Amino acid sequence: MQILETIAQNTGLPVTGHAFDRVLAAIAATADPWEIVDLADQPFNLTVEAVKVLADEGLVRFEDGRVYLTESGQALIRKRGIVPTRLLRCPACGGSGVQLQDLQPAYEIFREIARDRPKPSDEFDQGCLTPLSAMRRVALMKQRGDLVGKRVAILGDDDLMTLAIGLGGQPKEIVTFEIDDRYVQFIRHHAERLEIPCRVYSFDLRQRLPEDLFAQFDTFLTDPPENYAGLFLFLERGFGLLKPGDGQAGYFGMTLTESSLTKWARLQQWLVGEHRVVLTDLVFEHSEYENWDFLLESIRSDVEPYTHFPRVNWYRSSFYRVETLEGFEPDNPSFEGTDIYSDEERLVYSKEVAKRTSNPTERR
Ligand SMILES: [Fe+2]
């Protein structure tokens, strides 16, 4: 189909018939452009480019920042046998699979603290979990036996997981690596006040881990940048912090908004193929994120509905848990000089796509 080829060409991403149908089904379900991204479960660039190409072809129209199927769009949907996406996420747990129960008091304290958190910055690819999703991560990790009495390492903490785990997870100790000094100070201040046993280091994870922290932990948690280099670097550092041998756990979030299934597949092959670990949990869209102020500046501005700030939370990540097996060995390589924030699947890259597609001579 010509439309699929156009979207693939303009984004540099593969576009399957299934992916295209998911975008159409999302548009059939809602006129809110951000909900369309949420429901479609595709890379942001793919969804937005699809909306643009569908508009160019007269299959959708834009009105007051919203996206509607035209009559020919409706006809296409009928022809392809598509029904509108229905959101069947469990209302009790928000799709996380856990309830807070005895973590409720910790959640209420955490939610109050999070109100005054430093604002996410685009310098370090920040964007924070809702406090509820943060505490649901604590609940899941606690249930799996990876927090109580454990040494826990956190790699990058704009989500304030040091405080969430400290309040509800009963860890033996938390060690946190964070590049942004605003968060380092904020977390240290509240951790001291709440008597959370933690050390917070101002640290760039491209550097080798300090000898006294290498291979010392039972559990790691991270929300890595999702370009290939950043993703593998953060996870390699996570594994480098774990004790050798079996029974340690690693947790991380990963999206479909900034990562294609090809990236998911490469990640899963790397995890199981290059490390002695097994994937035990993959909770689809476990975690919800708050909208961040610099969103509109960081994305393309040539598709009208995506020039309006979202009214809903729409950015979600799935939550992975891996466990080490017998023979697992942590490693501590150098990653000096690596670009850990960009590639063609990232949100920010959509700006480049817009530049390229608005100038046909540069079109790939
Ligand atoms: Fe549920």
- Query: So what is the relative contact order for the chain, in percent, with contacts set as C-alpha pairs under 8 Å and at least six apart?
  - Reply: 19
- Task: Pop a pseudo-label 7 angstrom from the Cα along the beta-carbon direction at both K243 and Q269 and give the gap in nm to one decimal.
- Result: 3.4
- Using Cα atoms only, what is the angle between the long axis of helix 181-193 and the major principal axis of the chain, expressed in degrees (0 to 90) to the nearest 10? 50
- If you take the charge dipole of the chain about its Cα centre, with +1 on Lys and Arg Cβ and -1 on Asp and Glu Cβ, which of P330, W34, H189 is farthest toward its positive end? W34
- Note on the structure: With Cα coordinates, the longest principal axis of the chain makes an angle with the long axis of helix 44-56, in degrees rounded to 10, of 10
- Karplus-derived HN-Hα couplings along region 35-40 (A = 6.51, B = -1.76, C = 1.60, θ = phi - 60°), whole Hz, x at Gly and Pro: 5, 4, 4, 4, 6, 6
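Using a ≥ b ≥ c from the Cα gyration tensor of region 64-133 (square roots of the eigenvalues), is it rounded, prolate or oblate, where a/c under 1.5 gives rounded and otherwise the larger of a/b and b/c decides, a/b for prolate?
Numbers: a/c = 3.92, a/b = 1.83, b/c = 2.15.
Since a/c reaches 1.5 but b/c is at least a/b, the shape of region 64-133 is classed as oblate.
Considering only DSSP beta bridges whose two residues both sit in the chain, what percent are antiparallel, to the nearest 5? Spell out each step's value before the answer.
Numbers: 19 of 38 bridges.
Approximately 50 percent, going by the DSSP bridge assignments.
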- Query: What is the calculated FRET efficiency for E112 to L4, with r their C-beta to C-beta distance and R₀ = 51 Å, to the nearest 0.05?
  - Reply: 0.60
- GNM result for the chain, Cα springs below 10 Å: residue of G17, G250, G73 fluctuating most strongly: G17
- the chain - Rg (one decimal) and Dmax (whole number), Cα, Å: 21.1, 65
- Item | Helical contribution to [θ] at 222 nm, DSSP H n ≥ 4, -39,500 (n - 2.57), averaged over the chain, rounded to 500 | -11500 deg cm²/dmol
- Query: Given G149, F110, T176, which one lies farthest toward the positive end of the charge dipole of region 49-183, if we put +1 on the Cβ of every Lys and Arg and -1 on the Cβ of every Asp and Glu?
  - Reply: G149
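Note down the magnitude of the dipole of region 165-306 about its Cα centre, charges +1 on Lys and Arg C-beta and -1 on Asp and Glu C-beta and zero elsewhere, to the nearest 20 debye.
Numbers: 13 positive and 24 negative charges, 112 e Å.
Roughly 540 debye, rounded to the nearest 20.
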- Note on the structure: Rounded to 0.05, the calculated FRET efficiency for the beta carbons of V83 and T307 at R₀ = 41 Å is 0.90
- Message: Angle check, please: helix 2-11 long axis (alpha carbons) against the longest principal axis of the chain (alpha carbons), in degrees 0 to 90, nearest 10.
- Response: 40
- Report the label-to-label distance for D122 and R144 in nanometres (one decimal), using points 7 Å from each Cα along the Cα→Cβ vector. 3.3
- Task: Would you mind ranking I109, I179, I187 so that the residue whose beta carbon has the fewest other beta carbons within 10 Å leads the list?
- Result: I109, I179, I187
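If a/c stays under 1.5 just call it rounded; otherwise compare a/b with b/c (prolate if a/b is bigger, oblate if not). Do that for region 176-304, with a ≥ b ≥ c from the square roots of the Cα gyration tensor eigenvalues. Show your work: numbers first, answer last.
Values: a/c = 1.88, a/b = 1.11, b/c = 1.70.
It is oblate, given that a/c is not under 1.5 and a/b is not larger than b/c.
Can you give the extra length, in nm with one decimal, that the chain gains between K172 and V278 once fully stretched, where that is 0.36 nm per residue apart less the Cα-Cα distance?
On the way: separation 106, 0.36 × 106 = 38.16 nm, distance 2.47 nm.
Going from the current span to full extension adds 35.7 nm.
FYI, it's all coordinate maths here, none of it is from the lab. The shown structure was predicted, so the numbers you read here are calculated from the model rather than taken from an experiment. FYI the Cβ positions are ideal-geometry reconstructions off the backbone, even for glycines, and counts take in every protein chain you see.
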